[in-house]
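Asks: Sharing a structure here in structure tokens format.
The values are calculated or read from the model by the stated rules, or taken from the named source; none is laboratory data. Source: prediction; values computed, not measured. Virtual Cβ from ideal backbone geometry, glycine too; neighbours counted across all protein chains shown.
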Amino acid sequence: MKTTVLTATALAALTLAGSALAGDRCQVPKDQWQPQSALEQQLSAKGWDIKRVKQEEGCYEVYALDADGHRREVYFNPRTLAPVGGEDD
């Protein structure tokens, strides 16, 4: 029982920490954001198949298959369109 509670608490803390980190990476005023279409064009030119792009914690969050067919979930800085973290397969 204690193990289950500790595991659940740890997972909740990691989830909250991940969201906080995304926000820390992308502290960009809205008027300095590049359009979402610019990010989509950049990634498409690299061979990515974009499934979804959303705004999350001040970043663009992209769900896509990269040029090698690997599933990607990556955060991008909305001013520079540089990747600032994410998860792979």
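Asks: With the checklist (1) modelled with pLDDT under 95; (2) buried (at least 17 other Cβ atoms within 10 Å of the Cβ); (3) over 23 Å from Asp24 (Cβ atoms) in hand, flag the one item Asp89 doesn't pass.
Replies: (2)
Asks: On the given criteria, is Asp66 exposed (fewer than 11 other Cβ atoms within 10 Å of the Cβ) and either touching a strand residue (DSSP E or B) at 6+ places or on another chain (Cβ under 7 Å) or modelled with pLDDT of 95 or more (or both)?
Replies: It is false that Asp66 is exposed (fewer than 11 other Cβ atoms within 10 Å of the Cβ) and either touching a strand residue (DSSP E or B) at 6+ places or on another chain (Cβ under 7 Å) or modelled with pLDDT of 95 or more (or both).
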